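Below: the structure, in structure tokens.
The values are calculated or read from the model by the stated rules, or taken from the named source; none is laboratory data. Nothing here was measured: the structure is a model prediction, and the numbers come from that model. Cβ sites come from the backbone with ideal geometry, for glycine too, and all protein chains shown count toward neighbours. Note: accessible area is taken over every heavy atom of the protein model, side chains too, but ligands, DNA and RNA are not part of it. Shrake-Rupley method; radii C 1.70, N 1.55, O 1.52, S 1.80 Å.
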Amino acid sequence: MQDIKSRFSRFFEIITSEKGFFVYIVFVMIALPVTEIFDEMHSNVFVSQPTIVEMAGYFGIFAFIVHFLKHQKIKYYLTDVLYFLLFVFALLSAVFSKDKYATFHGFYYDEWLFNFVGYFSLMLAGTMIKDKQLRKNIINVFILVTVIQTLFAALQTCGIYIGECYYDNNLIMELRRSYGLLQHSNWYAGFSVLLFACTSGVFLFTENKVTRNITYVISLISFYTLLSAEARLAWVGIFVYLLFIVVSLAVMKHKKLEKEKFISILRRLGLLIIGMAAVVAFVILVCGKITGKISQTSAEIANTKGEGATTDGLGTRRMYIWKYGLRSVPDNWAFGIGLDNYRDVFYKSPDYYEGMYTQGKGHNEYIHYLVTQGVFQLITYLTLLIYTAVTGIRSVIRSEDKEERYINWIFLGMFFGYIAQACFNSSIVNVAPYFWITLGMCLSKKNQHCFGYAAEHKKEKIRKK
């Protein structure tokens, strides 16, 4: 009996260790694209990915229950509280859903309760990883995922597929838009912002010449497939990411951080922008893309003026989707209309008629959280994002370890790029886990202050005196 208890204790110690959380994160990152390859080879697209994230949710909540019970004297952080609140408000949204069948049995591209738990758990697992080498290895896995995704996306722009695109396949495949292993070009475009920010960030900051050259090539191929997805939301993400880099370099110069490195990074940024400009020219002149989206934008703006003007068509009907969603908030403000049940805002509207256009996603992650999970969940989520930005910026500025600073910088750039494109995109089960992992990496507990830190710090100062 004692031997069994000892084995269980060792097992619990392993799964709640820093390396255990690292393996958990890496498994999800690699399993999502790899299983999709096999799914598509057997004409079973978009089947494994939701299930993997659901399994990650069950494992994650089990691991953290064990972690907090096993280590009763551990220090607690704001991320621990936010993890708990995110879970509670998601659960309440499911319990008080207007359509419980859709909440608990929906498929299509719905996100299930334990998909969300998987996201939250991956974030919290990321906060547990303090070791610099493990954090670098997660960046390396992001690069590997970029290579896998961009390989298939680039082939798709040449008309080479292992399986048809699952959603809007006629339009996407006819125009040879890239969708990688994600089953929609919009999803791939948003994901590409995260991947491009990672690989270009490594290019900007790495000390290794070979790594620098390789990531430069990978980042430009990633940028090519991003543009080939023809989703304007990705342009927003890239713009904000580049703006973040420019502002960061200005702060770097003002704070006199890494003076000897500043010129090198500036030159690399110039080289990156030249490469991006060349890719844009190639996509426009050779591939015949982008100009159509610019014309579409002009047409949408023109439709907001003159007789019969309407804003509903803006952003490929996003304004229409947002209007219906926001109208539902006063009646469902606390816990939302139902976990990921955005389509109900149309069905339950007094203006609904058979055959009208409806959408299952809010095409704005923040509105989607408000509408489907309520104001308390939105506040929790926005608190997490603000805390991530503050913690990430502070860690970049204050880090005394040069390499650690660059790691934090890369993850922070990925974070800002993603939250910008999320204003026009949807949380999707095969993309969102990577963003929540990025959040966790920005919020490593080595960069946070635990509850009671101020009092402990004050006592330490008094002792030193």
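Of all residues in the stretch 284-300, at least one satisfies being of a type in the set (Val, Ile, Thr) and part of a loop (DSSP other than H, G, I, E, B). Only a single criterion out of (1) at pLDDT below 90; (2) of a type outside the set (D, E, K, R); (3) under 27 Å from the mean Cα position of the chain (by Cα) is not satisfied by Asn303, namely (3).
For the stretch 4-23, the tally of residues that are surrounded by fewer than 12 Cβ atoms within 10 Å (Cβ to Cβ) and hydroxyl-bearing (Ser, Thr, Tyr) stands at 2.
When you check Val396 against the structure, is it at pLDDT 95 or above and of a type in the set (Val, Ile, Thr), yes or no? Criteria not met by Val396.
Residues in the stretch 388-397 include none that are assigned to a loop (DSSP other than H, G, I, E, B) and either in contact with a Cys (Cβ under 9 Å, 6 or more places away or on another chain) or not aromatic (Phe, Trp, Tyr) (or both). Screening the candidates Val280, Val210, Val217, Val240 for the property of being modelled with pLDDT of 95 or more, over 18 Å from Ile410 (Cβ atoms) and open to solvent by 30 Å² or more (accessible area, probe 1.4 Å) yields one hit, Val280. Of all residues in the stretch 328-338, none satisfies being modelled with pLDDT of 95 or more and part of a helix (DSSP H, G or I). Within the stretch 146-157, residues that are more than 9 Å from Gly180 (Cα to Cα) sit with their Cβ atoms under 7 Å from residues that are basic (Lys, Arg) and open to solvent by 20 Å² or more (accessible area, probe 1.4 Å), at 6+ positions apart or across chains, in these pairs: Thr157/Arg176.
Checking each residue in the stretch 147-205 for being open to solvent by 10 Å² or more (accessible area, probe 1.4 Å) and among the small types (Gly, Ala, Ser) picks out Ala154, Gly159, Gly163. Pairs meeting the criteria (first residue in the stretch 24-45 and open to solvent by less than 40 Å² (accessible area, probe 1.4 Å), second residue among the acidic types (Asp, Glu), beta carbons under 9 Å, at least 6 apart or on different chains) are Glu40/Glu164; Val45/Glu36; Val45/Asp39; Val45/Glu164.
Residue-level check: of (1) in contact (Cβ under 8 Å) with a residue 12 or more places away in the chain; (2) open to solvent by 40 Å² or more (accessible area, probe 1.4 Å); (3) within 30 Å of Leu382 (Cβ to Cβ), Ala63 misses just (2). Do we have any residue at all in the stretch 431-443 that's of a type in the set (Val, Ile, Thr) and farther than 19 Å from Ile245 by Cβ? The answer is yes, given that some residue of the stretch 431-443 is of a type in the set (Val, Ile, Thr) and farther than 19 Å from Ile245 by Cβ. Of the numbered criteria (1) without any contact (Cβ under 8 Å) to a residue 12 or more places away in the chain; (2) buried (at least 21 other Cβ atoms within 10 Å of the Cβ), the one Lys305 fails is (2).
Quick grid of which residues meet (1) without any contact (Cβ under 8 Å) to a residue 24 or more places away in the chain; (2) buried (at least 20 other Cβ atoms within 10 Å of the Cβ); (3) in contact with a Ser or Thr (Cβ under 7 Å, 6 or more places away or on another chain):
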position	(1), (2), (3)
Leu266	yes, no, no
Leu271	no, no, no
Tyr324	no, yes, yes
Asp331	yes, no, no
Gly338	no, yes, yes
Asn341	no, yes, yes
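Criterion applied to Tyr77, Tyr58 was being open to solvent by less than 30 Å² (accessible area, probe 1.4 Å) and under 30 Å from Phe451 (Cα atoms), and the one residue passing it is Tyr77. When Glu111, Glu164 are checked against the criterion of being assigned to a loop (DSSP other than H, G, I, E, B), closer than 30 Å to Ile290 by Cβ and among the charged types (D, E, K, R), Glu164 stands alone in meeting it.
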